[in-house]
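Here is the structure we will look at, set down as structure tokens.
Values in this text are rule-based calculations from the coordinates and carry no lab data. No experiment lies behind these values; they were computed from the predicted model shown. No Cβ is skipped: glycine too gets one built from the backbone with ideal geometry, and neighbour counts run over all protein chains shown.
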Amino acid sequence: MILTFDTFLLEWIQEVLQNETLDILFPFITMLGNKGMLWIMIALFLFCFKQYRKLALTMILSLILGLLLGNLILKPLVGRIRPFQANRFFNLLIPPPKDFSFPSGHTLSSFAAASVLLTEEKRMGIPAMIVAGLIAFSRLYLYVHYPSDVIAGIILGVLCGFAAKKIMKFFKS
């Protein structure tokens, strides 16, 4: 049932939304999420300002939790192949990812960091959530994740963000 929905939605995106402009835009957007570098750079920038150091450390912790949970535990445990492999899709606009599909690491890291920003600093958090959403959607548009991979990445990312906040509060007291 889930696989049927996943495949239907991916095919719909390719048939209805695919166009030359988005073919240029979404590889760039997805690149922002590579290895969580955008979020790491934002955290490092924020760390330069005393009033944002705790926020920066919480973001980094959320990214570490996401890496451990998503990439080191769930991806190998679930072992889900990517949609372009399962459906013999050859029109990839980015180099084919070599790891497993579930959950989406780009999405997980983006929502982990953005959820910390949103709960601590709304004026930074709202644009961060928009960027996180675009990164998540780019993974579908580029046919490298199933919708259920992305949904799991969103949920796990938000949970990692909240867990990082709780851990930081524990160490503060």
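Annotations
- Label point of L93 set 7 angstrom out along Cα-Cβ; within the range 6-32, amide nitrogens under 11 Å from it belong to 14, 17-31.
- Rough spin-label spacing in nm, given labels placed 7 Å along Cα→Cβ, for M41 and R53: 2.5
- Note that the range 70-83 has calculated 3J(HN,Hα) couplings of x, 7, 8, 10, 6, 4, x, 5, 7, x, 6, 6, 7, x Hz, one per residue in order, obtained from phi through the Karplus relation 6.51 cos²θ - 1.76 cosθ + 1.60 (θ = phi - 60°); glycine and proline are x.
- Compared with the dominant principal axis of the Cα atoms in the chain, helix 20-32 is inclined by about 40°.
- Each Cα pair under 8 Å and six or more residues apart adds its separation to the average, and for the range 1-108 the resulting relative contact order is 26 percent.
- Cross-link pairs beyond the 27 Å C-alpha cut-off, checked among K35/K122; K122/K165; K75/K122; K50/K122: K75/K122
- Using the rule -39500 (n - 2.57) for each DSSP H run of four or more residues, divided by the residues of the chain, the 222 nm mean residue ellipticity is -22000 deg cm²/dmol.
- In terms of packing, defined here as the mean over residues of other Cβ atoms within 10 angstrom, the peptides 16-25, 108-117, 77-86, 132-141 line up highest first as 108-117, 132-141, 77-86, 16-25.
- Charging the Cβ of each Asp and Glu at -1 and of each Lys and Arg at +1, and nothing else, the dipole of the range 15-124 about its Cα centre rounds to 400 debye.
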